1. Within the range 35-48, track down each residue that is under 15 Å from Phe116 (Cα atoms) and under 14 Å from the mean Cα position of the chain (by Cα).
2. Just checking, which of Leu77, Leu112, Leu136 is free of Cβ contacts under 8 Å to residues at least 60 places away in the same chain and among the hydrophobic types (A, V, I, L, M, F, W, C)?
3. Quick one: what pairs do we get from the range 24-45, first residue without any contact (Cβ under 8 Å) to a residue 12 or more places away in the chain, second buried (at least 24 other Cβ atoms within 10 Å of the Cβ), C-beta under 9 Å, 6+ apart or different chains?
4. Looking at the range 187-198, is at least one residue under 15 Å from the mean Cα position of the chain (by Cα) and surrounded by fewer than 16 Cβ atoms within 10 Å (Cβ to Cβ)?
5. Search the range 200-226 for residues that are closer than 17 Å to Asn61 by Cα and touching a residue at least 60 places away in the same chain (Cβ under 8 Å) and pair each with any residue that is of a type in the set (Asp, Glu) and crowded, with 16+ Cβ neighbours inside 10 Å when their beta-carbon atoms are under 6 Å apart and the residues are at least 6 apart or on different chains.
6. Would you check which residues across the range 48-64 are assigned to a loop (DSSP other than H, G, I, E, B), crowded, with 24+ Cβ neighbours inside 10 Å and not hydroxyl-bearing (Ser, Thr, Tyr) and list them?
7. I'd like to check which strands (runs of 3 or more DSSP E) are fully inside the range 133-202 and have at least 3 residues that are of a type in the set (Gly, Ala, Ser).
8. Identify, please: which residue in the range 75-107 is assigned to a loop (DSSP other than H, G, I, E, B) and in contact with a Leu (Cβ under 9 Å, 6 or more places away or on another chain) and is, among those, farthest from Arg225 (Cα to Cα)?
Amino acid sequence: MALSLLLCSATAANEPSTQFANIAPLPGAGIALNAQGEPDGSGAVQINIPVAYTPGANQSNLGFYGGSHIGEFSPKLPNGTGVFGAGFGGFPRVYFSAMQVSSLIFADSKALSAQFQVAEESEKRPALAFGSQDLLNKEKGTGASKAWYAVATKSFALSDRNLHVTLGYGSGRFLDRFFGGVSVPMGDKLNAAIEYDGFQMNEGIAWRPGGRFGSITILAAYNSRCGLLFGAGVAGRVPTALQLAVGAALIAIREQ
């Protein structure tokens, strides 16, 4: 509690774009990943920060989420978003995503993000990745947006499961601050996560109806400066040709 109060009290005049205050279009946000970047309920999951475990070749995810704008705490969850992400490579692995920040997912251009993993996790060393959210600064003018960041994730044995700890630092929507989080599997179907994203505390539960390797994850979370967040994502292996076709379509779309 004291840590939460300390972190939340370190506010600044600037805020992140409200489009980036609910869930991140980055690896591990809403979907648990193992050290190889594969969907796995025993892995690390966060909400509005990335984990360093980065999806690789043929791994893709599609998710839809609803939250509230900063300070609104609306029960109608008006701040909706959709994310499509695709991983490439064996190692190093690279992940790209396109995030809907207004209208329908095929109605306008997207906020593009990328993450590049440069070090695998070992017994003594965390996984390490670098990335950028909103590469083209699409949300410029709506709050702090385009961000560069570095992130590390390490697992620690906790009884019969692993505790995953993530720590990073980022500019832009991360407000030139440290961010970090902890997540733990609560069985084959549930994961619990808590984090500080540079702006607010977030906590949530991720549920996989299909068990540890289930493709669908339902997320229920709370952003302390916005309110409730709900959504669902699907993740798994997709042929490279389909990944590239969907990605190209999203990137090619321009504002109407």
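1. If the condition is that a residue be under 15 Å from Phe116 (Cα atoms) and under 14 Å from the mean Cα position of the chain (by Cα), then Gly37 is the only one that fits.
2. Unique residue meeting the criteria: Leu136.
3. From residues that are without any contact (Cβ under 8 Å) to a residue 12 or more places away in the chain, there are no pairs.
4. Yes; the residues of the range 187-198 include at least one that is under 15 Å from the mean Cα position of the chain (by Cα) and surrounded by fewer than 16 Cβ atoms within 10 Å (Cβ to Cβ).
5. Cβ pairs passing all conditions: none.
6. Taking the range 48-64 first, the residues assigned to a loop (DSSP other than H, G, I, E, B) are 48-58.
From the residues that got through so far, the ones that are crowded, with 24+ Cβ neighbours inside 10 Å too are 48-55.
Across the range 48-64, the qualifying residues are Asn48, Ile49, Pro50, Val51, Ala52, Pro55.
7. In the range 133-202, 147-158, 177-185 are the strands (runs of 3 or more DSSP E) which contain 3 or more residues that are of a type in the set (Gly, Ala, Ser).
8. Only one residue fits best here, namely Phe106.
The values are calculated or read from the model by the stated rules, or taken from the named source; none is laboratory data. Since this is a predicted model, take the numbers as computed values, not measurements. FYI the Cβ positions are ideal-geometry reconstructions off the backbone, even for glycines, and counts take in every protein chain you see.
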